[in-house]
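Asker: Below is a structure I'd like to ask you about.
FYI, it's all coordinate maths here, none of it is from the lab. What you see is a predicted model, and the numbers here were worked out from it, not measured in a lab. Methodologically, a virtual Cβ is constructed for each residue, glycine included, from the backbone with ideal geometry; neighbour enumeration extends over all protein chains shown.
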Amino acid sequence: MYLLHFFSFLYQSYDDCKSWEMMRAQIHEEMVRLYQEHRYVFKSLTDYDKKRFNNILAKDEYTINNLLKYSLYDLSRWLNNYHCQKCIFLIDEYDHPLDISNRYQYYEEACGFFASMFGMVFKVRFF
């Protein structure tokens, strides 16, 4: 039996994000970094998934507005398929971005985004 350890950290300070656009752009930058860290899975993806992978790396408005909330789910699915092991997510201070968004009056947008993003990841079942 082989035990593999893969650690990736998604950390971003959102203290200076005075708008939802700024926060979303920072989240996108962090997801780009995470995708680049796990680029080794790219060769095992389908053509459709390769396009989605590349869309996150691209810095276009369509991706940021429409695909970003799926980015963590997609990456977890690809890592699961590549390593034949489930991904484990450890989240600390998940409420910090929501505190910031409340302070700068864009709580509704941020709450909806994080509910979608985390909801997809936490409810998924890989068989």
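Asker: Roughly what would the spin-label model give for GLU30 and ASN65, points 7 Å off Cα along C-beta, in nm?
Answerer: Label-label distance for GLU30 and ASN65, simple model: 2.4 nm.
Asker: List the aspartates and glutamates whose alpha-carbon lies under 20 Å from that of LYS51, not counting same-chain residues fewer than 8 positions away?
Answerer: Here the aspartates and glutamates satisfying the reach criterion relative to LYS51 are GLU29, GLU30, GLU37, ASP60, GLU61, ASP74.
Asker: Could you identify which residue out of HIS38, HIS83, HIS28 has the top mean-square fluctuation in a GNM of the chain using Cα springs shorter than 10 Å?
Answerer: Per the Cα network of the chain with a 10 Å cutoff, HIS83 tops the list.
Asker: For the chain, what is the Kirkwood estimate of the hydrodynamic radius, computed as the reciprocal of the mean inverse distance between distinct Cα atoms, to one decimal in Å?
Answerer: 15.5 Å
Asker: Order by neighbour count: TRP78, TRP20, fewest other Cβ atoms within 10 Å first, most last.
Answerer: Sorted ascending by nearby Cβ count, the order is TRP20, TRP78.
Asker: Would you list ASP49, ASP15, ASP99 from fewest to most Cβ contacts within 10 Å?
Answerer: ASP15, ASP99, ASP49
Asker: Per-residue ellipticity at 222 nm for the chain, helices alone: DSSP H runs ≥ 4 residues times -39500 (n - 2.57), over residue total, nearest 500 deg cm²/dmol?
Answerer: Details: 5 runs with 67 residues, N = 127.
Only helices count here, giving -17000 deg cm²/dmol.
Asker: While we're looking at this one, here's another question. What is the fewest-to-most order of MET117, MET31 by other Cβ atoms lying within 10 Å of their Cβ? List each step's numbers first, then the result.
Answerer: Values: MET117 18, MET31 23.
Ordered from fewest to most neighbouring Cβ atoms within 10 Å, MET117, MET31 come out as MET117, MET31.
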